[in-house]
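Have a look at the structure below, then the notes.
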Amino acid sequence: MSAVKDNPLHRLLVEFFELPANTRSEDISQQLLAKWDSLAMVQLITELERRFSIEFDVDEINRLRSYAEIREVLSRKGLVFEDSATLRG
Amino acid sequence: MKAIESGSLPQIRRALQLIRELDSQYRGRPMHVELLSTFNLEPFLPVLEFALSCIPSQVDMRVGPLNDIEGQITQSRFANSSYGLDARVVVWRLEEALPEVLYPFTCGFPEKVVTRVDQLLERVERLVSLHQRFSAGVPLFISTFSIPVYSANSILAAQQSAGLFGSIALVNRHIYDVASRTDGVYVLDLAFWAALAGKDYADVTLDFLARQPLSAHGQLEFAFFLARNLRPLVVPRRKVLALDLDNTIWGGIIGEDGVDGVVLGHDFPGNIYLRIQRELLELRHQGVLLVIISKNNEADARQAFECLPDMILKWEDFVVRKINWNHKYENLRAAARELGLGLDSFVFIDDSHYECEQMRQFLPEVLILNESSDALQLLRAIWETDAFDSLALSDEDRRRHQDYTVREARSVQAHHGDLQSFLQSLEMEAIIERVEFSNLERVVTLVGKTNQFNLTTRRHSRTQVQAMLESPGTIALALRLRDKFGDQGIVAVLLALCDSDQSTLKVDSFLVSCRALGRGVEDALWAATLERARQQKVRRLEAEYIATAKNAIGAELYDRLGFQRIRQDNGSIYYCLEPIAVPIIPSWIRLGQ
């Protein structure tokens, strides 16, 4: 469980979408979350930019539709988040 | 607080939730606000609601459809219903309202651009009259246009009056005009806000993605700026600023450092206190009553007001002065009673943490303005406070100081007769000394800097004074004052020179330090001078008064001492006295030796 706690991206998404803390990361995606509409998308980008002090390129903006995608984009910016067995469930 | 610092949306939502769960008595008045904008405010609606809740107010905020300001005004369901709209806010920017000025050469510069600017000016007028027709009585806030953070070739744009910057200035000027001449129309000055917030407020990615131009940081800044502008609608401004003196309106402690030791002037750090005084005076002219609450001897404080050459604030700028050694909260409570105002009308500034803390504990209704004793922090606190915010200044505001001063004057008159007995009670003793080596330093200092009670303001150097002392017949006297508080040192100087046959004595310099003004020491010194003149068989005395910007207090001294005016030119008055009169010493001063 500690891996979940220590993963800032997972925590950000869980808080942002008001999900249970133990939500599996593969369950965090636009497809699965009704709340994740276009308004939430704008708010989420603002929040990610604020939290990690980054800006997204134009082609990155369209690849932020799930935990996995965001993790991938952030890792290209040098922000690597450990995915533990717990997270994968 | 954490939510305010971080700007994190989940934290702001949580904070907003907590505020809404509070008992409604802590949440301020209900406030229904309609926001009409040319860009997208929807994504940060919770941030706006949070900031307005912090006023505090029970905010209910409606955002109109994107970029449909006039349509919404004519159709608004909120404005004309029992919903009771408390404010309508129009927020717009060039990208939607006047894009032509961003590409002037594509858009028929200059004629067509000028036409488009004129149309926008008309749009402002039309918008105001639509609002008045459909939502009469509802306060309307119109934003100014900020300079876009992103624009190409801004150097060239600055060179033309119909260019980007010239056009913005013209439109904004019109908005200020319309608001200042129309009741109930106010300016939300986004141009000012953008300059203050800096480039960090913008997020160009989100602007293109969702027409939402603000970063998380910018959203928070914008929201609190909006809240501060709306706040005067629900929170009355504080009426009184009660302040300390030492280390607040001058640097140092007047009772200990004396007039020469405290810091106030054009050099650092005295210039900070000077600026504090300018800000306070401005507040007073805007209808904020100023009150002194200071632990000092009143005479010391008064002396600072009379003697510090750079004082901006005058004794009379304060409607109540509580200068004594009582607890400050007692003094403040008494001031509130005298002014007939509630404690929640008061703001308090004091460099001492102790005094601030005591005030906080005893009179929690009083707003403590400063967190720190540092001069610059005091100034910042004055700059940044919203306690005196208002959207308009009434005639009553501008008259307020006078109204209260008249009231105060009536109560002071009763005490005036006590002055003589007060002076008597000081047990003053004047010791007359010849100016000589031992006191020369102090005499030269006084000659060099006494401004007010100084009849000729001649700034003699040490060498010049020494030369006078060596000249035959010279009378050079210094007066040392002692009173029940102790030795006050040399406070007055008189230098008089004889002509060659020793029969005429001419007063070259006559001055009294400001710390001894109003105590009659000039009469004591004059008596001693006459005494010596008689001993020297002087037959005629001559004197002059040379007017400066500061020495009006001495203008009639020689008239009072029995001199006759010989002639007058350019602000100088020449006097003579012949034969020399009998000295009169004030009853409350004992001449010692």
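All of B:L494, B:L440 fail the test of being buried (at least 17 other Cβ atoms within 10 Å of the Cβ) and of a type in the set (A, V, I, L, M, F, W, C), apart from B:L494.
Out of B:T445, B:T457, one residue alone is under 39 Å from the mean Cα position of the chain (by Cα), under 26 Å from B:T548 (Cα atoms), among the hydroxyl-bearing types (S, T, Y) and assigned to a loop (DSSP other than H, G, I, E, B). It is B:T457. Selection over segment B:342-355 of residues that are under 18 Å from B:R321 (Cα atoms) and surrounded by 14 or more Cβ atoms within 10 Å (Cβ to Cβ) gives a count of 9.
Scanning segment B:559-577 for residues that are farther than 30 Å from B:S425 by Cβ and surrounded by 14 or more Cβ atoms within 10 Å (Cβ to Cβ) yields B:F563, B:I573, B:Y574, B:Y575, B:C576, B:L577. Applying the criterion of at least 2 residues that are farther than 19 Å from B:L98 by Cα to the helices (runs of 4 or more DSSP H) found wholly in segment B:119-234 leaves B:164-181, B:190-197, B:204-210, B:216-230.
Restricting B:L164, B:L206 to those that are over 28 Å from B:S390 (Cα atoms), surrounded by 18 or more Cβ atoms within 10 Å (Cβ to Cβ), away from every other protein chain (no Cβ under 14 Å) and over 27 Å from the mean Cα position of the chain (by Cα) reduces the list to B:L164. If you go through segment B:370-392 and pick out every residue that is without any contact (Cβ under 8 Å) to a residue 40 or more places away in the chain and buried (at least 16 other Cβ atoms within 10 Å of the Cβ), you end up with 3.
Out of the residues in segment A:2-20 that are away from chain B (no Cβ under 13 Å) and surrounded by fewer than 19 Cβ atoms within 10 Å (Cβ to Cβ), state the one that is nearest to B:P46 (Cα to Cα). Residue satisfying both the conditions and the ranking: A:P20. None of A:S53, A:S29, A:S75 is without any contact (Cβ under 8 Å) to a residue 60 or more places away in the chain, under 17 Å from B:A216 (Cα atoms) and more than 10 Å from chain B (Cβ to nearest Cβ) except A:S53.
Would you confirm, using the coordinates I've provided, whether B:Q361 is out of contact with any His (no Cβ under 7 Å at 6 or more places or on another chain), among the polar types (S, T, N, Q) and at pLDDT 95 or above? Criteria not met by B:Q361.
Looking only at residues that are in a loop (DSSP other than H, G, I, E, B) and of a type in the set (S, T, N, Q) in segment B:315-341, which one is surrounded by the fewest Cβ atoms within 10 Å (Cβ to Cβ)? Among them, the one singled out is B:N326. In summary, B:W250 fulfils each of the numbered conditions (1) free of Cβ contacts under 8 Å to residues at least 24 places away in the same chain; (2) away from chain A (no Cβ under 13 Å); (3) buried (at least 18 other Cβ atoms within 10 Å of the Cβ) with the single exception of condition (1). Looking across segment B:24-48 at every residue that is outside any strand (DSSP E or B), buried (at least 22 other Cβ atoms within 10 Å of the Cβ) and in contact with a helix residue (DSSP H, G or I) (Cβ under 6 Å, 6 or more places away or on another chain), the one that is farthest from the other protein chains (Cβ to nearest Cβ) is identified as B:L48.
So for segment B:533-550 (the condition being buried (at least 21 other Cβ atoms within 10 Å of the Cβ), of a type in the set (S, T, N, Q) and out of contact with any Phe, Trp or Tyr (no Cβ under 8 Å at 6 or more places or on another chain)), does at least one residue qualify? No, because not a single residue in segment B:533-550 is buried (at least 21 other Cβ atoms within 10 Å of the Cβ), of a type in the set (S, T, N, Q) and out of contact with any Phe, Trp or Tyr (no Cβ under 8 Å at 6 or more places or on another chain). Scanning segment B:185-202 for residues that are surrounded by 18 or more Cβ atoms within 10 Å (Cβ to Cβ) and of a type outside the set (D, E) returns B:V185, B:Y186, B:V187, B:L188, B:L190, B:A191, B:W193, B:A194, B:A197, B:Y201, B:A202. B:I147 passes every criterion in (1) touching a residue at least 24 places away in the same chain (Cβ under 8 Å); (2) over 30 Å from A:S53 (Cα atoms) apart from (2). Considering B:S587, B:S572, B:S509, the condition of being touching a residue at least 12 places away in the same chain (Cβ under 8 Å), over 30 Å from B:E470 (Cβ atoms) and in the same structural domain as B:G489 (by TED's automatic domain parsing) is satisfied by B:S587 alone.
Where strands (runs of 3 or more DSSP E) fall entirely within segment B:525-593, those with at least 1 residues that are under 18 Å from B:L511 (Cβ atoms) are at B:540-546, B:572-577, B:589-592.
Confirm whether B:L9 is in contact (Cβ under 8 Å) with a residue 24 or more places away in the chain, more than 14 Å from chain A (Cβ to nearest Cβ) and closer than 24 Å to B:L209 by Cβ. Here the answer is no, as B:L9 does not meet what is asked.
The values are calculated or read from the model by the stated rules, or taken from the named source; none is laboratory data. Since the structure is predicted, the reported quantities are computational estimates derived from the model, not experimental observations. Because the Cβ atoms are built from the backbone with ideal geometry, glycine has one as well, and the counts that use them run over all protein chains shown.
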